[in-house]
Amino acid sequence: NGYVALMSALIVSVVLVVLSVSISSAGLYARFDAADAEYKQRSSYLAESCIAAALVNIDQNAAYVPTAGGETLFVGDDTCTLVSVITSGGQVTIESKGTFRDAVTNLKVVVMSGSLHLVSWEELSTL
């Protein structure tokens, strides 16, 4: 009788330990997912900041182009890269890249030259 009770207690203990470890791991992975989402959002804000800076520069100088190889802009303690500004056929195409930790956002925005009205705004996997 004592052997059966001891084995039952041991099995229940093992099941509880496995359950506890599983729940702890799930919480840990949820924290990583939340951090990844925050990093992606920050990289997106950085890329958008470069787009906004390009629009201001284009508004002040219609012939504006960033330096060859991309222009790095400081946004607080972080940076974004204004990759290119290309004017063609009455439209201006702006490409920017925001990186925060391992998260990257590549934006391609097309506006009408002169009025700077938005034609398209898309996120690309690569530039």
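The table below gives the values:
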| read-out | value |
| --- | --- |
| Accessible surface of VAL12 - all protein chains present, 1.4 Å probe, nearest 10 Å² | 80 Å² |
| Distance in nm between pseudo-label sites at TYR45 and ALA63 (7 Å out along the Cβ direction from Cα) | 3.7 nm |
| Over the chain: helical MRE at 222 nm, DSSP H runs n ≥ 4 each giving -39500 (n - 2.57), nearest 500 | -17500 deg cm²/dmol |
| Solvent-accessible area, 1.4 Å probe, carbon plus sulfur percent, for the chain | 60 percent |
| The chain - convex hull of the alpha-carbon atoms, volume per residue in Å³ | 129 Å³ |
| Average accessible surface area per residue within the stretch 1-119, 1.4 Å rolling probe, Å² | 64 Å² |
| Potential lengthening between ILE86 and ALA35 on full extension [0.36 nm per residue; Cα-Cα distance subtracted] | 14.9 nm |
| Local electrostatic count, VAL65, Cβ distance below 13 Å [Lys/Arg +1, Asp/Glu -1] | -2 |
| Diffusion constant of the stretch 55-127 at 10 °C, which comes from Stokes-Einstein with the Kirkwood Cα-pair radius and 1.306 mPa s, µm²/s | 124 µm²/s |
| Total formal charge among the other residues, if their Cβ is under 12 angstrom from that of ALA53, Lys/Arg +1 and Asp/Glu -1 | -3 |
| Cβ-Cβ FRET estimate between SER125 and VAL18, R0 fixed at 41 Å, reported to 0.05 | 0.55 |
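The values are calculated or read from the model by the stated rules, or taken from the named source; none is laboratory data. Note that this is a predicted model, so its numbers are computed, not measured. Note that we place each Cβ from the backbone using ideal geometry, even for glycine, and neighbour counts take in every protein chain shown. Keep in mind that these areas ignore ligands, DNA and RNA; they rest on the heavy atoms of the full protein, side chains included. Shrake-Rupley method; radii C 1.70, N 1.55, O 1.52, S 1.80 Å.
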